[in-house]
Each structure stands twice: as C-alpha cells, then as structure tokens.
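The values are calculated or read from the model by the stated rules, or taken from the named source; none is laboratory data. On a predicted model such as this, the values are computed, not experimentally measured, just so you know. For neighbour counting, all protein chains shown are included, and Cβ atoms are generated from backbone atoms with ideal geometry for every residue, glycine included. Quick note on the areas: whole protein, heavy atoms, side chains included, nothing else; ligands and nucleic acids left out. Shrake-Rupley method; radii C 1.70, N 1.55, O 1.52, S 1.80 Å.
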Amino acid sequence: MDHAPVVAAPNAFKGTLSPLEAAQAMARGVAEACPGRAVILRPLPDGGDGTLDVLTRALRAETHFFETQDSCGRLIRAPFGLVRSRRGAIALIESARIIGLAQDPHCPLSSRSTEGLGRLLGHVLDRGVRTVYLGLGGSATCDAGAGLLAGLGVRFAGILRADLEALERIHTVDLAGLDPRIARTQLFVLVDVLNPLVGPSGAIAFAAQKGADPADLGDINRRLRWAADHLEVAFGASVRTRPGAGAAGGLGFACALLGARLVPGAAAVARLTGLSLAIRQASLVLTGEGACDAQTGYGKGPQLVAARARRLGRPVYLVCGRIDRSFAALSEHYARCAALPPGLPAADALSAAVAGLLA
C-alpha cells in the first residue's frame with residue numbers, strides 16, 4: 001500500500017460544503033480507505049465563498065470585524081483577516097461575506113449596492129493596511145461597483161445610493177473625495193470568472209442567478225454600459241473589456257478603475273497556500289466541486305489542480321456533486337472521476353465517494 005501523503009484540494013460544493021469542509025470530508029474518506037495515510041489539506045476556492053476562511057488559515061491571519069452594510073443596506077458585522085508583516089499589514093476580504101447572496105436572498109436586485117464593501121475597504125486602510133487581497137464571487141450585486149466607489153468617497157451628482165437602479169442616472173462623477181490612500185495600496189482582486197463588464201458574456205451572464213428576470217437582462221446591460229461610459233471618462237481609463245471586469249456584477253470593473261490587479265482567484269489561492277509544494281510531496285491528489293460541466297474548463301479549481309499535478313507526474317482523482325455530459329471532453333485530465341452517491345448528507349457522501357475511489 002502507498003503510504004505517501006494525499007493532497008485534498010477541492011473547491012466549494014455550492015450550497016452544501018465550503019472548500020475547507022469539502023477538504024476535511026475528503027480526508028475522512030482517505031482515513032476510511034487507508035487508515036494512517038497522511039492527508040495535506042489545500043482547499044482551493046476561486047475568490048468566492050470560502051476564500052476568507054482558507055486564506056486566514058493558510059496565512060495565520062487574525063480575524064477582525066467591522067460594522068458595515070450588506071447589499072441592501074442592513075447593518076452587519078463583516079469579518080476580514082489581518083496579517084502583520086515586516087512589509088506592512090495585509091488585509092484579506094471576501095466580498096461574499098458582505099454582499100453575498102447568502103446575506104440577501106430576497107432583496108430586489110435593482111436596489112442592491114456594493115457600498116458596504118467600499119466602507120470596509122476604507123476601514124482596513126485606516127488600520128494601516130497597504131496590501132489587500134479581495135476575493136470576488138458569489139455576490140448578490142450588479143451595480144458595476146459604483147457602490148464600492150461611493151464607499152471610498154466618489155460622489156455621483158443627484159444620487160444618494162449607488163445601486164443598480166441608479167446607474168442610468170449617473171451624469172457627473174466627482175473624484176475629489178476619493179480616498180487618496182487607495183492609489184498607494186496594492187490591491188489584488190481574485191476573480192472567479194474572466195468575463196468583461198458588458199455584452200452577452202458580461203456581468204449579465206450571471207444576473208439571473210441573482211434574481212434578475214431574463215426579460216430585464218437587456219436593460220441591466222444598458223445601465224452597466226451607461227455607467228461604464230461615464231466612469232471611464234472620469235477616471236481616464238478604459239477597463240470594461242479587461243478579463244474579470246464583469247466579475248461580481250461589475251465589481252472587477254470598479255476595482256480595475258482603482259488600479260487593482262485582477263488575477264484568477266484559484267491560481268492566486270494556490271500560490272498563497274503552497275499547492276504546488278504540497279502536490280510535490282504527495283503521490284495522489286484529490287479535487288472536486290459541486291458541479292462538473294463544460295464550465296469547469298474555464299479557469300476553475302479542478303482544472304488548475306489537474307494541470308499542476310500533471311506537470312509533477314501525480315494522478316488526480318475528481319469527485320463532483322454531479323457530472324454533466326458536457327464534462328466528458330475534460331474527463332481525460334483525471335485518472336478517476338466519481339459523482340456523489342445519493343441519499344446521504346453532502347459531507348458523508350463526499351467521504352464515501354473518496355473511500356470508494358481509493359478502495
């Protein structure tokens with residue numbers, strides 16, 4: 001029997017298990033099939049749900065809280081991570097914990113704003129932070145990041161709340177109050193998709209899952225385009241087509257206007273958590289996510305894991321909540337694939353699937 005370590009590097013199983021919970025369930029499956037075999041946990045979120053927990057654990061960050069607003073303006077205590085280093089403090093922020101769908105399942109999309117996230121970003125600057133890792137993904141918003149900009153001091157004439165509904169009323173953009181410290185801050189934005197801001201493959205591609213009526217997508221796209229026209233003139237930058245600008249309903253766009261680096265979330269988390277080193281130490285890699293389909297090939301965690309493992313000559317076993325027929329062309333990247341067995345809680349099903357693959 002092989003006694004070399006196994007790496008567990010899953011993304012979230014959306015709606016059931018966070019990336020860390022999924023990795024722990026995989027470890028239990030390894031223990032069931034191969035008692036005593038070591039497991040290296042390297043959960044791999046892509047900037048969305050679970051990113052803060054994973055990075056806080058990996059970088060040994062302190063968890064702090066700040067009172068701000070969710071996307072509908074309700075007060076919440078938002079968590080963020082703080083890492084002390086010789087080069088200055090580093091902040092870890094997950095947008096889904098402030099403006100995510102879990103916070104606002106019933107609030108109208110038109111009235112949601114990212115302003116609370118902007119206020120949190122301003123707060124970490126007050127704490128002396130000069131490097132920020134901001135995870136995007138799982139947001140409830142589609143305001144082109146106008147709320148984020150408002151939270152950092154940008155003013156829009158005649159607009160009290162910068163939400164989706166207000167985008168078409170943007171005419172005058174006043175940057176005089178924009179927090180000047182943001183220009184001196186390294187802002188790394190971890191995006192879970194590489195879509196541009198506008199167009200059929202832009203932010204509207206994800207608006208329906210946030211509650212938008214399909215009949216309203218054209219109107220939402222028009223509002224996003226209008227906002228982009230005015231914001232790009234004000235900032236003197238053209239960033240709407242940058243990969244990731246459409247992430248989190250256009251938050252990527254606003255961050256790009258602020259000079260942020262938009263980076264693929266899974267790759268950034270892999271670097272910060274030392275995924276490649278862990279794979280090098282192991283003889284087998286486990287990965288997975290809730291649904292495996294054609295979209296898995298577009299920068300998703302399992303594909304990144306498979307590519308890293310292939311370069312290092314390690315086999316990869318894939319476990320998904322469900323495997324769609326459109327995934328067939330990608331299955332050749334994995335030594336074995338399995339879907340979760342029915343009738344069990346998600347964590348137990350994942351453990352059982354892993355044990356079955358190793359038996």
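Placing unit charges on C-beta atoms (Lys and Arg positive, Asp and Glu negative, everything else neutral), compute the dipole magnitude of the range 200-359 about its Cα centre in debye, rounded to 20.
I would put it at about 640 debye.
I'd like to compare 179-186, 165-172, 347-354: which one has the highest average count of other Cβ atoms within 10 Å, and what's the full order after that?
Final packing ranking: 347-354, 165-172, 179-186.
Please state the relative contact order of the range 196-314 as a whole percent: Cα pairs under 8 Å, 6+ residues apart?
Relative contact order comes out at 22 percent.
Just to be sure I understand: with springs between alpha-carbon atoms less than 10 Å apart, which residue in G250, G88, G199 has the highest mean-square fluctuation in the Gaussian network model of the chain?
Between G250, G88, G199, it is G88 that shows the largest mean-square fluctuation.
Using 0.36 nm per residue, how much length does the chain from H106 to R184 gain when fully extended, once their Cα-Cα distance is taken away?
Going from the current span to full extension adds 24.3 nm.
Go through the cysteines of the chain and tell me which have no other cysteine Cβ under 4.7 Å away.
By the Cβ distance rule, which asks for a partner under 4.7 Å, the isolated cysteines are C34, C142, C255, C337.
So which residue, out of F156, F66, F80, gets the largest mean-square fluctuation from a GNM of the chain using Cα contacts under 10 Å as springs?
F66
Counting DSSP beta bridges with both partners in the chain, what percentage is antiparallel, nearest 5?
Counting DSSP beta bridges with both partners in the chain, the antiparallel share is about 30 percent.
Largest first and in whole Å, what are the equivalent-ellipsoid semi-axes of the chain based on the Cα gyration tensor, each being the root of 5 times an eigenvalue?
37, 22, 17
Could you work out what % of the accessible surface of the range 278-356 is carbon and sulfur, using a 1.4 angstrom probe and leaving DNA, RNA and ligands out of the count?
Ligands and nucleic acids excluded, carbon and sulfur give 51 percent.
Roughly what % of DSSP beta bridges within the range 1-156 run antiparallel, to the nearest 5?
60
Could you identify which residue out of R310, R242, R87 has the top mean-square fluctuation in a GNM of the chain using Cα springs shorter than 10 Å?
R87
Based on the Kirkwood radius over alpha-carbon pairs, what value in µm²/s does the Stokes-Einstein equation return for the translational diffusion coefficient of the range 194-271 at 25 °C and 0.890 mPa s?
The diffusion coefficient I find is 192 µm²/s.
How much area per residue is accessible in the chain when the probe is 1.4 Å and only protein heavy atoms are counted (Å²)?
Accessible area per residue, the chain: 41 Å².
Once you keep just the Cα pairs under 8 angstrom separated by 6 or more residues, what percentage relative contact order results for the range 1-107?
21
Each residue of the range 32-42 in turn: what ³J(HN,Hα) in whole Hz from Karplus with 6.51, -1.76, 1.60 and θ = phi - 60°, glycine and Pro shown as x?
Running phi through 6.51 cos²θ - 1.76 cosθ + 1.60 with θ = phi - 60° gives 5, 7, 9, x, x, 6, 6, 10, 9, 7, 9 Hz.
Return the inverse of the average 1/r over all pairs of distinct C-alpha atoms in the range 37-174, which is the Kirkwood hydrodynamic radius, in Å to one decimal.
It works out to 15.6 Å.
Is there a quick way to get the dipole size of the range 48-190? I mean about its Cα centre, with the Cβ of Lys and Arg at +1 and of Asp and Glu at -1; what is the value in debye to the nearest 20?
In debye, rounded to 20, the range 48-190 gives about 720.
Where nothing but the Cβ of Lys and Arg (+1) and of Asp and Glu (-1) is charged, how large is the charge dipole of the chain around its Cα centre, in debye to the nearest 20?
Dipole magnitude for the chain comes out near 1300 debye.
Among V239, G211, G259, which residue has its Cα positioned farthest towards the positive end of the charge dipole of the range 186-264, with +1 placed on the Cβ of Lys and Arg, -1 on the Cβ of Asp and Glu, and the dipole taken about the Cα centre?
G259
Just from its helices, what would the mean residue ellipticity at 222 nm be for the chain, if runs of 4 or more DSSP H residues each count -39500 (n - 2.57) and the sum is divided by every residue, rounded to the nearest 500 deg cm²/dmol?
It comes out at -9000 deg cm²/dmol, rounded to the nearest 500.
Hey, with R₀ at 41 Å, roughly what FRET efficiency would R87 and A38 work out to, going by the Cβ-Cβ distance, to 0.05?
For R87 and A38, the calculated efficiency is 0.80.
Under the classification rounded if a/c is under 1.5, otherwise prolate if a/b is larger than b/c and oblate if not, where does the range 123-255 fall, given a ≥ b ≥ c as square roots of the Cα gyration tensor eigenvalues?
oblate
With all protein chains present, calculate the accessible area of I323 using a 1.4 Å probe and round the result to the nearest 10 Å².
Accessible surface of I323 is approximately 70 Å².
Given G29, G48, A146, which one lies farthest toward the positive end of the charge dipole of the chain, if we put +1 on the Cβ of every Lys and Arg and -1 on the Cβ of every Asp and Glu?
G29
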